[in-house]
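So the structure is just underneath, and the comments pick up after that.
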Amino acid sequence: MVVISVHLAPVEFATVLSRTRQYIQMSESQQKLCNDVVMDDSSSWPQEVAERVGESVRAAREERGMSYVRLAEATEKIGAPVHRVAIPRIEKGEQGVTLPELIALGVALEADWSKWLDRATAGVDIPGARSDRAVLRMLIAEVEEKLETQRHNLFQAEEGAKRLNMPERYRERLVDEAQRYRELIESLEVALDRYQEDLRGMEDDA
């Protein structure tokens, strides 16, 4: 996976994370509401973030010449399927994405999904943002939990392929699954390193 490193100031990056988390936690109906009604500047940020995320997904997909169908199939193999009909809606900012879906899109497109979030939330004014450190600690805990799950899945796939008496086609399937788990783990580790680095930066400045 190719990761382009762009550094933000610790406070700026944590603010981005706070905004991003609020967007991801919105229900689909809340996100859709942003498209159906006229709102003032302080409440229109979810639509702006959705459009920016969509632009990043579209640019990465077009750069790799991947069709909606191929991308949908790739996300399904990774374990967080995004339907082919949903992808153009996401690219237009008409549909929000969950965090697992965003990770799957990033892995499938060999892109840094956390950087998509940085660009999507830069300069967006979101009322009621939590403290920067609290947001970082919460995201670190969530990523660590997901990493533990994926590492367990990887262990099971690797050991199953080695030890279980099964037809060759099933063994090959486990090998493929193990590779997908490795890609997910790599993506999560990149994000975790960034969050931990920025949290250390905040604590050093305190």
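Read-outs: derived from the displayed coordinates by stated rules, not from any lab. All of these numbers come straight from a predicted model, not from anything done at the bench. So basically every Cβ, Gly included, is an ideal-geometry build from the backbone, and we count neighbours across all protein chains shown.
Scalar couplings 3J(HN,Hα) for the range 146-155, obtained by applying the Karplus form with A = 6.51, B = -1.76, C = 1.60 to θ = phi - 60°, are 5, 4, 4, 5, 5, 5, 5, 4, 5, 4 Hz; x denotes Gly and Pro. Toward the positive end of the charge dipole of the range 45-121, with +1 on the Cβ of Lys and Arg and -1 on the Cβ of Asp and Glu, the farthest Cα among 106, 78, 93 is that of 78. Multiplying the residue separation of residue 176 and residue 77 by 0.36 nm and removing their Cα-Cα distance gives an extension gain of 34.7 nm. Taking other Cβ atoms within 10 Å as a rough exposure proxy, 116, 45 sort from fewest to most as 45, 116.
Among 166, 202, sorting on how many other beta-carbon atoms sit within 10 Å of each Cβ, with the fewest leading, yields 166, 202.
When the square roots of the Cα gyration tensor eigenvalues are ordered a ≥ b ≥ c, the ratio a/c for the range 132-205 is 1.5 or more and a/b exceeds b/c, which makes its shape prolate.
Going from the fewest other Cβ atoms within 10 Å to the most, the residues 83, 152 appear in the order 152, 83. Here the Karplus relation 6.51 cos²θ - 1.76 cosθ + 1.60, evaluated at θ = phi - 60°, turns the backbone of the range 51-65 into coupling constants of 5, 5, 4, x, 4, 5, 4, 4, 4, 5, 5, 5, 4, 9, x Hz, with x for every Gly and Pro.
Extension gain for residue 98 to residue 69 (0.36 nm times residue separation, less C-alpha to C-alpha distance): 8.5 nm. The simple spin-label model puts a point 7 Å past each Cα toward its Cβ; for residue 138 and residue 186 those points are separated by 3.1 nm.
Simple spin-label estimate for residue 196 and residue 84 gives 4.1 nm between the two label positions (7 Å along the Cα-to-Cβ direction from each Cα).
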